[in-house]
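For reference, the structure is listed below as structure tokens.
Taken together, the values in this text are just the output of simple stated rules run on the coordinates, not laboratory data. What you are looking at is a predicted structure, and each value in this text was computed from that prediction instead of being measured. Using ideal geometry, Cβ is built from the backbone for each residue, glycine included, and neighbour counts are taken over all protein chains shown.
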């Protein structure tokens, strides 16, 4: 199974960036995303950026993973921010009203700066 997630940690800012690639349609890639976020969360991370620049498509299962992660982080007084959503993903987040829940930024740098 080819990994679909690149993890970058910015230790000095207690910040982790997950860069996702490909389609997240409820298969192994979505399980990997869920497991990765769970592991990071259990390690105490409270600042997570999910970079969707390499993502073509998310289905309802993948959205569920993001919503569940958001709930987990909020309960622990943490925050998940998204960046680099393509036009289709932007529309999906607007239609599903998830744009009201998630902060989304044009670039990874903007998302990183928003935590400082």
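DSSP beta bridges confined to segment 5-114 are antiparallel in about 25 percent of cases. Label zone (residue 103, point 7 Å along Cα-to-C-beta; backbone nitrogen cut-off 11 Å) within segment 70-89: 79-82.
Simple spin-label estimate for residue 77 and residue 23 gives 4.2 nm between the two label positions (7 Å along the Cα-to-Cβ direction from each Cα). DSSP beta bridges fully contained in segment 6-58 are about 40 percent antiparallel.
Report the calculated FRET efficiency for residue 14 and residue 95 (r = Cβ-Cβ distance, R0 = 41 Å), to the nearest 0.05. For R0 = 41 Å, the calculated efficiency reads 0.80.
Label positions at residue 43 and residue 60, each projected 7 Å from the Cα along the C-beta direction, are separated by 3.3 nm.
A quarter of the convex hull surface defined by the alpha-carbon atoms of segment 12-75 gives 4.2 nm² as the mean projection. Using Cα springs under 10 Å in a Gaussian network model of the chain, which residue among 29, 43, 19 shows the largest mean-square fluctuation? Greatest mean-square fluctuation among the candidates belongs to 43. Each label was represented as a point 7 Å from its Cα along the Cα-to-Cβ direction; for residue 7 and residue 88 these points are 2.8 nm apart. Note on the chain: Rg/Rh from Cα positions, Kirkwood definition for Rh, rounded to two decimals, is 0.92.
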